[in-house]
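Asker: Handing you a structure now.
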Amino acid sequence: TSCAVNTFSIAGSGSCTGCAAGSTSAAGATVCDVCAAGSAVVAGSCTQCVAGTYSLAGSTECTQCAANSYSASAGASTCTSCPGGLTSAAGSDSSDDCEVCSAGNAVISGSCTQCDAGTYSVAGSTECTSCAVNTFSIAGSGSCTGCAAGSTSAAGATVCDVCAAGSAVIAGSCTQCVAGTYSLAGSTECTQCAANSYSASAGASTCSACAAGSTTQAATGSDSSDDCEVCSAGSAVIAGSCTQCVAGTYSLAGSTECTQCAANSYSASAGASTCSACAAGSTTQAATGSDSSDDCEVLLVLVV
């Protein structure tokens with residue numbers, strides 16, 4: 001009797017032997033044939049694998065292509081990997097199924113994965129890149145955003161930090177302001193102290209005003225209180241500078257204003273530190289003093 005399909009026998013056999021898994025035979029066979037790669041034993045016969053699957057020689061089933069690979073035609077013995085930066089679902093049967101990972105994502109462990117905050121990616125990336133110094137990003141970013149003026153960040157930052165008062169962004173980093181200057185929080189430069197003020201140490205957020213009656217004697221401020229000089233007698237701090245008192249007035253050292261001479265006295269020239277009294281028997285005939293001795297008039301007494 002002939003051996004049945006998918007069995008075989010050698011001469012003198014008392015029975016037929018079933019073919020090994022992954023192989024088939026016709027009726028009356030003396031050997032079984034292994035199914036070729038790209039096909040598998042399906043319903044008792046070698047059947048070509050469909051697109052999107054593959055098989056090795058001697059397979060009993062066709063295997064679906066793994067994610068990020070494809071087989072475009074029937075009878076494939078292997079699947080083709082998607083190019084770098086592209087992914088596909090399992091069982092893909094066309095290279096068109098390999099899709100570019102969008103910006104803000106990258107192919108990580110075989111799938112499009114969102115980039116973490118502090119990193120970014122362009123479309124088709126295979127890795128996320130850390131943001132550069134003085135930039136930042138949120139999760140899923142296609143680019144990093146520059147820090148606002150007056151703030152900085154380290155590489156890979158998720159936020160930027162505002163420079164504290166007393167420092168400023170100089171050459172890309174928060175730098176402490178030197179003595180004689182100051183800054184508010186978030187500054188891009190240190191500001192020189194104004195005239196008649198000073199900052200004695202580095203990192204100042206404000207400048208200190210000179211004591212009343214003293215000035216820095218310059219258009220800008222200083223880095224020491226020692227530079228605040230007292231206005232000399234005969235002058236006063238007017239409009240921010242030591243100004244000589246006009247005739248008819250006087251001042252002591254360190255004054256903030258010139259004082260008008262009292263009645264019956266005068267100062268005949270600018271820069272007076274005192275007023276001179278009218279000669280005995282004469283007055284200025286006014287409630288206040290004068291700028292000339294000529295204004296000291298002798299009182300006439302009428303004798304009856």
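Asker: For the structure I just gave you, tell me whether Ser255 is farther than 27 Å from Ala287 by Cβ and either touching a residue at least 12 places away in the same chain (Cβ under 8 Å) or surrounded by fewer than 18 Cβ atoms within 10 Å (Cβ to Cβ) (or both).
Answerer: Values: farther than 27 Å from Ala287 by Cβ: no; either touching a residue at least 12 places away in the same chain (Cβ under 8 Å) or surrounded by fewer than 18 Cβ atoms within 10 Å (Cβ to Cβ) (or both): yes.
No.
Asker: What tally of residues in the range 114-124 results from selecting those that are open to solvent by 30 Å² or more (accessible area, probe 1.4 Å) and modelled with pLDDT of 95 or more?
Answerer: 5
Asker: Could you check how many residues of the range 40-69 are β-branched (Val, Ile, Thr), more than 16 Å from Ala21 (Cα to Cα) and in a loop (DSSP other than H, G, I, E, B)?
Answerer: The number of residues fulfilling the criteria is 1.
Asker: Inside the range 73-89, can you point out the residues that are without any contact (Cβ under 8 Å) to a residue 40 or more places away in the chain, under 27 Å from Ala21 (Cα atoms) and assigned to a loop (DSSP other than H, G, I, E, B)? I'd like the intermediate steps shown before the answer.
Answerer: Residues of the range 73-89 without any contact (Cβ under 8 Å) to a residue 40 or more places away in the chain: 73-76, 78-83, 86-89.
Applying the additional criterion that residues be under 27 Å from Ala21 (Cα atoms) yields 73-76, 78-80.
Result: Ser73, Ala74, Gly75, Ala76, Thr78, Cys79.
Asker: Shifting gears a bit: In the list Val100, Val122, which residue meets the criterion of being hydrophobic (A, V, I, L, M, F, W, C), more than 30 Å from Ala37 (Cα to Cα) and without any contact (Cβ under 8 Å) to a residue 24 or more places away in the chain?
Answerer: The unique qualifying residue is Val122.
Asker: Report, by residue number, each residue of the range 257-291 that is assigned to a loop (DSSP other than H, G, I, E, B), among the polar types (S, T, N, Q) and at pLDDT 95 or above.
Answerer: Ser267, Ser269, Ser273, Thr274
Asker: Restricted to the range 125-134, and to residues that are touching a residue at least 24 places away in the same chain (Cβ under 8 Å) and within 30 Å of Val178 (Cα to Cα), which residue is most open to solvent (accessible area, probe 1.4 Å)?
Answerer: Looking at residues that are touching a residue at least 24 places away in the same chain (Cβ under 8 Å) and within 30 Å of Val178 (Cα to Cα), I get Val133.
Asker: Right, here's the next one. I'd like the residue in the range 135-163 that is part of a loop (DSSP other than H, G, I, E, B) and open to solvent by 60 Å² or more (accessible area, probe 1.4 Å) and, out of all such residues, is farthest from Asp116 (Cα to Cα).
Answerer: Going through the qualifying residues, I end up with Ala149.
Asker: Which of the numbered conditions does Ala43 fail, given that it passes all the others? Conditions: (1) open to solvent by 70 Å² or more (accessible area, probe 1.4 Å); (2) hydrophobic (A, V, I, L, M, F, W, C); (3) closer than 30 Å to Thr158 by Cβ.
Answerer: Answer for Ala43: the failing condition is (3).
Asker: Scanning the range 175-226 for residues that are touching a strand residue (DSSP E or B) at 6+ places or on another chain (Cβ under 7 Å) and of a type in the set (Asp, Glu), which turns out surrounded by the most Cβ atoms within 10 Å (Cβ to Cβ)?
Answerer: Per the criteria, the residue is Asp223.
Asker: Tally the residues that are in a loop (DSSP other than H, G, I, E, B) and either open to solvent by less than 40 Å² (accessible area, probe 1.4 Å) or at pLDDT 95 or above (or both), restricting the search to the range 233-252.
Answerer: Total meeting the criteria: 9.
Asker: Next question, about the same structure. Only residues that are assigned to a loop (DSSP other than H, G, I, E, B), surrounded by 16 or more Cβ atoms within 10 Å (Cβ to Cβ) and of a type in the set (A, V, I, L, M, F, W, C): list them for the range 90-109, please.
Answerer: Of everything in the range 90-109, those that are assigned to a loop (DSSP other than H, G, I, E, B), surrounded by 16 or more Cβ atoms within 10 Å (Cβ to Cβ) and of a type in the set (A, V, I, L, M, F, W, C) turn out to be Cys98, Cys101, Ala103.
Asker: Among the residues of the range 125-147, which ones are polar (S, T, N, Q) and modelled with pLDDT of 95 or more?
Answerer: Within the range 125-147, Thr129, Ser130, Asn134, Thr135, Ser137, Ser141, Ser143, Thr145 meet the criteria.
Asker: Based on what the data block shows, is Ser109 of a type outside the set (Val, Ile, Thr) and within 26 Å of Cys62 (Cβ to Cβ)?
Answerer: Spelling it out, Ser109 is indeed of a type outside the set (Val, Ile, Thr) and within 26 Å of Cys62 (Cβ to Cβ).
Asker: Tell me which residues, restricted to the range 236-295, are of a type in the set (Asp, Glu) and closer than 14 Å to Gly213 by Cα.
Answerer: Glu257 - this is the single residue of the range 236-295 that is of a type in the set (Asp, Glu) and closer than 14 Å to Gly213 by Cα.
Asker: Val169 is checked against (1) assigned to a loop (DSSP other than H, G, I, E, B); (2) within 14 Å of the chain's Cα centre (by Cα) and fails just one. What number does that condition carry?
Answerer: Val169 satisfies every listed condition except (1).
Asker: Regarding Ala218, is this residue within 30 Å of Ser167 (Cβ to Cβ), modelled with pLDDT under 90 and in a loop (DSSP other than H, G, I, E, B)?
Answerer: On the way: within 30 Å of Ser167 (Cβ to Cβ): yes; modelled with pLDDT under 90: yes; in a loop (DSSP other than H, G, I, E, B): yes.
Here the answer is yes, as Ala218 does meet what is asked.
The values are calculated or read from the model by the stated rules, or taken from the named source; none is laboratory data. Here the structure is a predicted model, which is why all the values come from computation and not from measurement. Methodologically, a virtual Cβ is constructed for each residue, glycine included, from the backbone with ideal geometry; neighbour enumeration extends over all protein chains shown. Protein only, heavy atoms only, side chains kept; ligands, DNA and RNA dropped before computing areas. Shrake-Rupley method; radii C 1.70, N 1.55, O 1.52, S 1.80 Å.
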